[in-house]
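Novice: I'd like to ask you about the structure that follows.
The values are calculated or read from the model by the stated rules, or taken from the named source; none is laboratory data. A quick note: this is a predicted structure, and the numbers were derived from the prediction, not measured. No Cβ is skipped: glycine too gets one built from the backbone with ideal geometry, and neighbour counts run over all protein chains shown.
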Amino acid sequence: MSEQTLSNLMHEDRRFEPPADLAADANVKEEAYARADSDREAFWAEAAERLDWGKKWDQVLDWSNPPFAKWFVGGTLNASVNCVDRHVEAGNGDKVAIHWVGEPDDDTRDITYAQLKDEVSRAANALTELGVQKGDRVAIYMPMIPEVVVAMLACARLGAPHTVVFGGFSADALASRITDCEAHVVITSDGGYRRGAASALKPAVDEAVAKTGDLVRHVLVVRRTGQDVDWHGREEGGRDVWWHDAVDGASAEHEPEMHDSEHPLYVMYTSGTTGKPKGILHTTGGYLTGTSYTHWAVFDLKDDDVYWCTADVGWVTGHSYMAYGPLANGATQVMYEGTPEKGRWWQIVQDYKVTILYTAPTAIRTFMKQGREIPDGYDMSSLRLLGSVGEPINPEAYVWYREVIGGDRCPVVDTWWQTETGQIMISPLPGVTAGKPGSAMKALPGISADVVDDDAKSVGNGNGGYLVLKEPWPAMLRTLWGDDQRFKDTYWSRWPGLYFAGDGAKLDEDGDIWLLGRVDDVMNVSGHRLSTTEIESALVSHPKVAEAAVVGAADETTGQAVCAFVILRDSAGDGGEDIVEELRKHVAKEIGAIAKPRQIMVVPELPKTRSGKIMRRLLKDVAEHREVGDVTTLADSTVMDLIKTREGSSS
Ligand code: WTA
């Protein structure tokens, strides 16, 4: 973010007080901050009481071997029982858990908690039948259909950690995740709907499975689109099993085991600063405590709310605030299979009388571009609270969201967190905080955050630096799957005792936090995390490419966009007319369509320091059409002139 934008942000002085009725009846009041400060562990223990435990814990937090935390030590529970069974037992079996809205207009299903319990139990029995045991990993690669939630909860019920891979990722990306966590079972569907058309998923699974030797024993396939699939059933020695064959006929009775509080719940792969994705490990008791508490506190959840989180289940937001948080709280929610289409979201808000909407700034900016006439055509008076997540929300988008979508009456909660944190960490409390457009405000009760300089010293109000977390929190990642050392190196080695989030931030004069984007080589495109290095490796794996450098350039709609600079091999000549398209396709194949560069420039050289480090800062200047900054540390200072000439000819 440029200095200019930064100072604009700092001069933002609009304030939005909480609505009086919401404040009066808020789930969490101001006193929570002081209470949590005076005894953090007691505060989180009280939050853990929200859950049903098989056996209560002996110790709230074991931090004797940092950075390896253990929460609710000695306690046992079952995540799926907490998300489903207990609501049925409490007499809420008829309450709708999921209003599912398929992409084809007429395709909807309402699933009650009682139905969900039966379906999860059947799936758990079916998975057991396929040999899945406690501790086994199961990969899930599915569209936004109810079965994906059922599959996750069935795994949780058995204590088999799931790893959900976003359906937009490629076969290669899926294969590397299956391999890294050694999953023997993959759950998928024939396909899903994308922008009105059926799009296949099973072929990518077949390709991924073929790449992983004989690791995968079974592929459980939901029939969603009915499209033709290559089929290798068990009767012919293959791995494929239809979901409807295995699950529909299974018993709806399943006796759940209580798992240790620290039993692994799931692994979610996310981009880091190197090419290899990191397997973020979340465990059971602390994760469920952190997500259910924050979902209740930040969204001020009431029994009759209709909540809608628009995230795909393949990302952490879908895990914490579509699956586990809301279901643990017994909420009624909307789940939508499609992507932001003109008007369709607002039709859903109107039809289901959605009261709480949680989405990403990139979607808001897209709607802004389309114009307010579209949302203005719907009755959205049911809405009472709006949330934002995934990237910094610029004040214009915040104010538009508040006014146009929220009718100027709904508070906006800008929630900062990460795959690693598992739960929301920094956010306004809707009944307490006077929101400032563009600021995530302050750490939630029980969370300790700060902004520090290079020497880990608090920068103090009015200054910028690095965002850090100072105390362990319940839903924190426990390690990186199979790589304790990388876990320590990545997050805990920069400054002893502090968790380094990788985000830049500024404290304003009131001490409120403004997030400024990543300070490392991680990009944020439409709220999705991508690694520059990972895309560079993908480009270099193409036979025509000798070298590649990738930067995230500011983009009005997507926040950042992927811009690549490549040097071709001599043997490739000028690469041919379609080289740019060829390379974009190659990246899509290697990683997934979301990683496709917006722009690829073929250049003769890359700007490097004398020690050979690529100076991405300069490339970013080019990508953002700025005057190129200081080039004095370049080994060859004329390189930038060469690149700029190319830019002139390509645009
Ligand atoms: C960014 C998504 C500013 C940030 C939940 C973080 C945000 C990364 C916000 C994590 C926000 C997320 N304001 N930036 N409200 N929320 N980010 O792991 O850079 O996909 O480090 O988790 O997104 O992305 P992740």
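Novice: Could you list all residues from region 521-547 that are in a loop (DSSP other than H, G, I, E, B) and basic (Lys, Arg)?
Specialist: LYS544
Novice: Here's a check for you: in region 400-420, which residue that is under 18 Å from THR366 (Cα atoms) and free of Cβ contacts under 8 Å to residues at least 60 places away in the same chain is nearest to the ligand (Cβ to nearest atom)?
Specialist: Out of the qualifying residues, it is ASP414.
Novice: Report every pair of residues separated by at least 6 positions or lying on different chains whose Cβ atoms are under 7 Å apart, first residue within region 281-303 and among the hydrophobic types (A, V, I, L, M, F, W, C) and crowded, with 24+ Cβ neighbours inside 10 Å, second part of a helix (DSSP H, G or I) and modelled with pLDDT of 95 or more.
Specialist: Sorted first by the residue in region 281-303, then by its partner, the pairs are LEU288/ALA79; LEU288/ASN82; LEU288/TYR324; LEU288/ALA328.
Novice: Right, something else. Looking at region 467-476, is at least one residue on the phi > 0 side of the Ramachandran plot and either out of contact with any strand residue (DSSP E or B) (no Cβ under 7 Å at 6 or more places or on another chain) or surrounded by 14 or more Cβ atoms within 10 Å (Cβ to Cβ) (or both)?
Specialist: No, region 467-476 contains no residue that is on the phi > 0 side of the Ramachandran plot and either out of contact with any strand residue (DSSP E or B) (no Cβ under 7 Å at 6 or more places or on another chain) or surrounded by 14 or more Cβ atoms within 10 Å (Cβ to Cβ) (or both).
Novice: May I pose another question? Considering region 55-78 alone, what residues qualify as being more than 28 Å from GLN485 (Cβ to Cβ) and buried (at least 16 other Cβ atoms within 10 Å of the Cβ)?
Specialist: TRP57, GLY75, THR76, LEU77, ASN78
Novice: Count, please, the residues in region 351-396 that happen to be within 16 Å of the ligand (Cβ to nearest atom) and either of a type outside the set (Asp, Glu) or crowded, with 22+ Cβ neighbours inside 10 Å (or both).
Specialist: Residues in region 351-396 being within 16 Å of the ligand (Cβ to nearest atom) and either of a type outside the set (Asp, Glu) or crowded, with 22+ Cβ neighbours inside 10 Å (or both): 20 in total.
Novice: Which of the residues that make up region 488-512 are away from the ligand (no atom under 15 Å from the Cβ) and part of a helix (DSSP H, G or I)?
Specialist: LYS488, ASP489, TRP492
Novice: Select from region 426-436 the residues that are more than 9 Å from the ligand (Cβ to nearest atom) and in a loop (DSSP other than H, G, I, E, B) and write down the one among them that is nearest to PHE16 (Cα to Cα).
Specialist: ALA434
Novice: Would you confirm whether or not region 449-456 contains a residue that is touching a residue at least 60 places away in the same chain (Cβ under 8 Å) and either buried (at least 17 other Cβ atoms within 10 Å of the Cβ) or assigned to a loop (DSSP other than H, G, I, E, B) (or both)?
Specialist: Within region 449-456, one or more residues are touching a residue at least 60 places away in the same chain (Cβ under 8 Å) and either buried (at least 17 other Cβ atoms within 10 Å of the Cβ) or assigned to a loop (DSSP other than H, G, I, E, B) (or both).
Novice: Could you say which residue among SER448, SER458, SER439 is closer than 15 Å to LYS506 by Cβ and more than 13 Å from the ligand (Cβ to nearest atom)?
Specialist: SER458
Novice: How many residues does region 254-266 contain that are hydrophobic (A, V, I, L, M, F, W, C) and not in a loop (DSSP other than H, G, I, E, B)?
Specialist: Total meeting the criteria: 1.
Novice: Additional query: Checking ILE426 against (1) closer than 16 Å to TYR321 by Cα; (2) outside the structural domain of VAL28 (by the TED database), which single condition isn't satisfied?
Specialist: For ILE426, the failing item is (2).
Novice: Let me ask you something else. Would you pick out the residues in region 565-623 that are in a helix (DSSP H, G or I), touching a helix residue (DSSP H, G or I) at 6+ places or on another chain (Cβ under 8 Å) and basic (Lys, Arg)?
Specialist: LYS589, ARG616
Novice: Can you tell me which residue within region 296-318, out of those that are among the acidic types (Asp, Glu) and at pLDDT 95 or above, is nearest to the chain's Cα centre (by Cα)?
Specialist: Going through the qualifying residues, I end up with ASP300.
Novice: Is it the case that region 555-562 has a residue that's crowded, with 17+ Cβ neighbours inside 10 Å and more than 25 Å from ALA173 (Cα to Cα)?
Specialist: Yes, that holds for at least one residue.
Novice: Can you tell me which of ILE364, ILE374, ILE356, ILE393 is of a type in the set (Val, Ile, Thr), over 26 Å from PHE166 (Cα atoms) and touching a residue at least 24 places away in the same chain (Cβ under 8 Å)?
Specialist: ILE374
Novice: Considering region 315-350 alone, what residues qualify as being buried (at least 22 other Cβ atoms within 10 Å of the Cβ) and of a type in the set (Gly, Ala, Ser)?
Specialist: GLY318, SER320, ALA323, GLY325, ALA328, ALA331
Novice: Going by what's in this entry, would TYR324 be described as touching a Cys at 6+ places or on another chain (Cβ under 9 Å), within 16 Å of the ligand (Cβ to nearest atom) and hydroxyl-bearing (Ser, Thr, Tyr)?
Specialist: In short, yes.
Novice: Got at least one residue in region 267-276 being modelled with pLDDT of 95 or more, small (Gly, Ala, Ser) and outside any strand (DSSP E or B)?
Specialist: No, every residue in region 267-276 fails to be modelled with pLDDT of 95 or more, small (Gly, Ala, Ser) and outside any strand (DSSP E or B).
Novice: Can you find a residue in region 513-520 that is assigned to a strand (DSSP E or B), on the phi > 0 side of the Ramachandran plot and surrounded by fewer than 22 Cβ atoms within 10 Å (Cβ to Cβ)?
Specialist: Yes, some residue in region 513-520 is assigned to a strand (DSSP E or B), on the phi > 0 side of the Ramachandran plot and surrounded by fewer than 22 Cβ atoms within 10 Å (Cβ to Cβ).
Novice: Which of the residues belonging to region 295-336 are among the acidic types (Asp, Glu) and out of contact with any Lys or Arg (no Cβ under 9 Å at 6 or more places or on another chain)?
Specialist: ASP304, ASP312
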